Amino acid sequence: MWGALAMLVGASMLLLATGALAQLLDPAASAGLAAGLTASIFVVVGLFALLWGGAHVWVAMLTRRRRPAGRVLLLALAITNLLMLPFGTALGIYALWVLLTNDGRRLFETAAAGAVPKAGPAPPV
């Protein structure tokens, strides 16, 4: 979900950049330098947000498949998310808590061995 929200922010920033570019290309506008600077900042932030969100979505797919590389990459993203107050911090703390517990570790160890972990306790016989 975090990756999809970041990609949505990236797309909206790119749309804002097109609005600033339209202002830049208007011959009657007098704020050419400000519009150009605003458009370039929006493009840079938008592309970064799209890449950041895409990385989160990709790592989420690896994690859902219980790939050990997904766990390692998700730990790295969780650490960097700690710097994004307030929601990234909460998400980073939760991801670190889940992935560093023994249960979280076991999920990825059994996937590396080729077995699929059970979803819950076995039904009574």
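The values are calculated or read from the model by the stated rules, or taken from the named source; none is laboratory data. Note that this is a predicted model, so its numbers are computed, not measured. Surface accessibility is based on the protein's heavy atoms, side chains included, excluding ligands, DNA and RNA. Shrake-Rupley method; radii C 1.70, N 1.55, O 1.52, S 1.80 Å.
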| field | Gain upon complete extension [T18, F48; 0.36 nm per residue less C-alpha separation] | value | 9.2 nm
| request: Grab the Cα-Cα distance for L5 and A31, subtract it from 0.36 nm times how many residues apart they are, and report the gain in nm with one decimal. | output: 6.2 nm
| Which label in [x] 1.52; [y] 1.40; [z] 1.31 gives the computed Cα Rg over 2.2 N^0.38 Å | [x]
| said: Heavy atoms only, 1.4 Å probe, whole protein assembly: order D103, D26 by accessible area, highest first. | reply: D103, D26
| query | Can you give the relative contact order of the chain as a percent, counting alpha carbon pairs under 8 Å and 6+ residues apart? | reply | 21
| query | Over region 1-58, what is the mean sequence separation of C-alpha contacts under 8 Å (at least six apart), divided by residue count, expressed as relative contact order in percent? | reply | 56
